[in-house]
1. Springs between alpha-carbon atoms under 10 Å, Gaussian network over the chain: tell me which of Gln18, Gln109, Gln186 tops the mean-square fluctuations.
2. Rounded to the nearest 10 degrees, what's the angle between the helix 163-173 long axis and the longest principal axis of the chain, both from Cα atoms, 0 to 90?
3. Could you give the size of the charge dipole of segment 1-90 about its Cα centre, using +1 on the Cβ of each K and R and -1 on the Cβ of each D and E, expressed in debye and rounded to the nearest 20?
4. Take Ser128, Ser20 and order them by how many other Cβ atoms sit within 10 Å, fewest up front.
5. Suppose only helical runs count, i.e. DSSP H with n ≥ 4. What mean residue ellipticity at 222 nm does that imply for the chain under -39500 (n - 2.57) per run, divided by all residues and rounded to the nearest 500 deg cm²/dmol?
6. Rank Val68, Ser20, Val10 by how far each Cα sits towards the positive end of the charge dipole of the chain (+1 on Lys, Arg Cβ; -1 on Asp, Glu Cβ) and give me just the farthest.
7. Can you sort Ile120, Ile62 from fewest to most other Cβ atoms within 10 Å of each residue's own Cβ?
8. Taking the Cα centroid of segment 160-180 and of segment 46-114, what is the distance between the two, rounded to the nearest whole Å?
Amino acid sequence: MHPKFERTLVIIKPDGVQRSLIGEIIGRFEKLGLKMVAAKMCVPTAEHVEKHYTLDPEWRRITGEKRVKAAKEKGEKLATEDPFEITAKILEVLIKYMTSGPVVAMVWQGAHATELVRKIVGGTEPRSSDVGTIRGDYVLDSYVMADTDSRAIRNLVHASGTAKESEAEIKHWFKDDEVLDYKLVQESILYDVNLDGIFE
């Protein structure tokens, strides 16, 4: 499959909706040249959120290990370094966070969609996300504050981590007939090999 057909899942989380950043976030992906092929607003159930985060059976281990690593790099002290204990707490607060209000789930399509969306969104922790990323520009939260308050980190957006993860997450949030195939005029400029359609 040509890279231009790659699809990825993005969810604007409840804090992004409540801060009226939906248009700003969508605009970032549109300006890059990605195409939205599905969108819906909903309040997810606790079961739906838990399933979302555990679609990958390795999520608990990997996420816990990343949190331990981040804490060590910043000189933070954690209550435990057991990745599964850490992610049990993370999952509990994530469910509370993600079910606290409406979210906007979207599917974006385009060349290297998953990788580029992650680049635009920035790192999971807004405090250490680069300037120019969504999280770096619009959020001041940190792991320290989230842990101190026993809550999920507020970082506006979920973005699939890999192309394989994207496929599973898209199926979890959307039925096949909710994801559309259509053309945008700009695709001729982005993907036409010789740009010979400009004067047609």
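1. Among Gln18, Gln109, Gln186, the largest mean-square fluctuation in the Gaussian network model of the chain belongs to Gln186.
2. 90 degrees
3. Details: 18 positive and 14 negative charges, 68 e Å.
Charge dipole of segment 1-90: 320 debye, to the nearest 20.
4. Values: Ser128 15, Ser20 8.
In increasing order of surrounding Cβ atoms, one gets Ser20, Ser128.
5. Numbers: 10 runs with 93 residues, N = 200.
After summing the helix terms and dividing by the residues of the chain, the value is -13500 deg cm²/dmol.
6. Val68
7. On the way: Ile120 19, Ile62 13.
Fewest to most other Cβ atoms nearby, the residues stand as Ile62, Ile120.
8. Taking the Cα centre of segment 46-114 as reference, the centre of segment 160-180 is 18 Å away.
Every read-out reported here was derived from the displayed coordinates using simple, explicitly stated rules and does not represent laboratory data. Keep in mind the model is a prediction, meaning the values are calculated, not measured. Don't worry about glycine lacking a Cβ; one is built from the backbone with ideal geometry, like all the others, and counts go over all protein chains shown.
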